[in-house]
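Peer 1: Quick one: the structure is below, questions incoming.
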Amino acid sequence: MAKRNAHGAGSIRKRPDGLWEARYQVGINPKTGAPVRKSVYGRTQKEVREKLTAATAAIDAGDYLEPSKMPVAEWVETWLANYTANLKPLTLDQYRRNLHNHIVPALGKVRLCQLTTDQIQAVYNDLRSRENHPLSPKSIKNLHGVFRKCLEQAVRNRYIRYNPADACELPRMERKEIKPLTEQEMALFLAEIKGSRYEALYKVDLLTGMRKGELLGLTWDNVDFRRGQITICQQLQKSKENGLYTLASPKNGKQRRITPARSVMDILWSVRQDQAQRRLLAGLLWEPYAGLASAAGLGDGLVFTDDLGCHLAMATVYSDFKRVAAKIGCPDARMHDLRHTYAVNALRYGDDIKTVQDNLGHATASFTLDVYGHVTDDMKQDSADRMERFFRSVSTK
């Protein structure tokens, strides 16, 4: 038989199993007119009284949220299905993998209303410190960004009162040192690719700093030979789920227009002439749509294609670049380093940081400065040396 309520505790009672229970009214059933009651539980009378006080205060203030019994795994699937329609296919793939690989196995059975910052932090710490394949600080940050966004929607839906991921501490990220090609390495690289299948692709990358996906997704209707301009409004992406390629918006979602060196337009004109001949040879075998999940954005066809007009495979381009890099003594070089090489050379030879930011498609000039700050430091020193020489020349007159 249950023990009597504690003196002065009102609706608080001790149950036969030893737990304390407090019942409170949250409203009236509109159909029956009967009061709707809820319970909170605790190991001590004090714990239950504190929960009861908090619940009744929230009801009085109009802030009461009924605790959601939905488990984290169920909410993750709901969020992925209903609240990610604006994401690019590759981004959605990354979100899904992050949540399915790391969050759902560890926290999937926890109710949303019971999820705590400590639980989330413990998952991050474990992923960072595990012996087999620990996640890097950047990977932890990416995971946190996805899960925090997922939980933020749960807050807006009033399933939880606050976002428990907000208070998590993330490992400090250290920016990796960029490794642009030196002038000597550039000379070796240009000599090695001369006459090769991807010579034009690599040269355009070196002279514009376009991302690999932007280059592979570039279409002829976005190349203006009369004005000498290129509009970058999409990128080629490959889904890791089904292997299909799609044309998606650029990384930051904004298109940009660049005016590259004259040599770039000359290279692209040669590519156009060569492609026209290959198209004649291929005849009916020319298939620009092959391998694409959708033809949307294809315009007048891709600039860089295989012999049948189809998009280039990213893995094939990657393998070829690594082969060339190894031959010139730079086995660790990445194709992305061609983008860094462009940026460094642009700054060193007089482009202002705003121009470089616009050409690279960075969201802010401060980000460009963060990445290439060491180059601008060198430029500042060069400026100081020039001013020193000028001052000395004037002083001796």
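Peer 1: K141 - would you say it is more than 30 Å from A58 (Cβ to Cβ), out of contact with any strand residue (DSSP E or B) (no Cβ under 8 Å at 6 or more places or on another chain) and not in a loop (DSSP other than H, G, I, E, B)? Steps first, answer last, please.
Peer 2: Details: more than 30 Å from A58 (Cβ to Cβ): yes; out of contact with any strand residue (DSSP E or B) (no Cβ under 8 Å at 6 or more places or on another chain): yes; not in a loop (DSSP other than H, G, I, E, B): yes.
Taking the combined requirement at face value, the residue satisfies it.
Peer 1: Evaluate the following for I140: is it modelled with pLDDT of 95 or more, touching a helix residue (DSSP H, G or I) at 6+ places or on another chain (Cβ under 8 Å) and of a type in the set (V, I, T)? Show your work before the answer.
Peer 2: Details: modelled with pLDDT of 95 or more: yes; touching a helix residue (DSSP H, G or I) at 6+ places or on another chain (Cβ under 8 Å): yes; of a type in the set (V, I, T): yes.
Answer is yes for this residue.
Peer 1: Then there is this: Taking the stretch 47-72 only, how many residues are modelled with pLDDT under 85, part of a helix (DSSP H, G or I) and among the basic types (K, R)?
Peer 2: 1
Peer 1: Would you tally the residues in the stretch 181-201 being touching a Ser or Thr at 6+ places or on another chain (Cβ under 8 Å) and either surrounded by 22 or more Cβ atoms within 10 Å (Cβ to Cβ) or of a type in the set (K, R) (or both)?
Peer 2: So the count comes out to 1.
Peer 1: Does the stretch 103-119 contain any residue that is within 20 Å of the chain's Cα centre (by Cα) and open to solvent by 60 Å² or more (accessible area, probe 1.4 Å)?
Peer 2: no
Peer 1: OK, next. Kindly check whether there is at least one residue in the stretch 214-222 that is charged (D, E, K, R) and under 22 Å from L87 (Cα atoms).
Peer 2: The answer is yes, given that some residue of the stretch 214-222 is charged (D, E, K, R) and under 22 Å from L87 (Cα atoms).
Peer 1: Also, I was wondering about something else. Being part of a loop (DSSP other than H, G, I, E, B) and not basic (K, R) narrows it down to one residue among D166, D126; which is it? Even if it seems obvious, please write down each step before you answer.
Peer 2: Details: D126 fails: part of a loop (DSSP other than H, G, I, E, B).
It is D166.
Peer 1: Oh, and also: Only residues that are open to solvent by less than 40 Å² (accessible area, probe 1.4 Å) and assigned to a loop (DSSP other than H, G, I, E, B): list them for the stretch 273-290, please.
Peer 2: W286, P288, A290, listed by residue number.
Peer 1: Now a separate question. Looking at (1) open to solvent by 40 Å² or more (accessible area, probe 1.4 Å); (2) basic (K, R); (3) in contact with a Gly (Cβ under 9 Å, 6 or more places away or on another chain), which one does R175 not meet, given that it meets all the others?
Peer 2: In the conditions (1) open to solvent by 40 Å² or more (accessible area, probe 1.4 Å); (2) basic (K, R); (3) in contact with a Gly (Cβ under 9 Å, 6 or more places away or on another chain), R175 misses (3) alone.
Peer 1: Is it fair to say G299 is open to solvent by less than 70 Å² (accessible area, probe 1.4 Å) and out of contact with any strand residue (DSSP E or B) (no Cβ under 7 Å at 6 or more places or on another chain)?
Peer 2: Details: open to solvent by less than 70 Å² (accessible area, probe 1.4 Å): yes; out of contact with any strand residue (DSSP E or B) (no Cβ under 7 Å at 6 or more places or on another chain): no.
When the stated conditions are applied, G299 does not pass them.
Peer 1: State whether one or more residues within the stretch 249-269 are under 20 Å from the mean Cα position of the chain (by Cα) and at positive phi.
Peer 2: Yes: the stretch 249-269 contains one or more residues that are under 20 Å from the mean Cα position of the chain (by Cα) and at positive phi.
The values are calculated or read from the model by the stated rules, or taken from the named source; none is laboratory data. None of these values were measured; they are calculated from a predicted model. FYI the Cβ positions are ideal-geometry reconstructions off the backbone, even for glycines, and counts take in every protein chain you see. When the accessible area is computed, the model is the full protein with side chains, heavy atoms only, and any ligands, DNA or RNA have been set aside. Shrake-Rupley method; radii C 1.70, N 1.55, O 1.52, S 1.80 Å.
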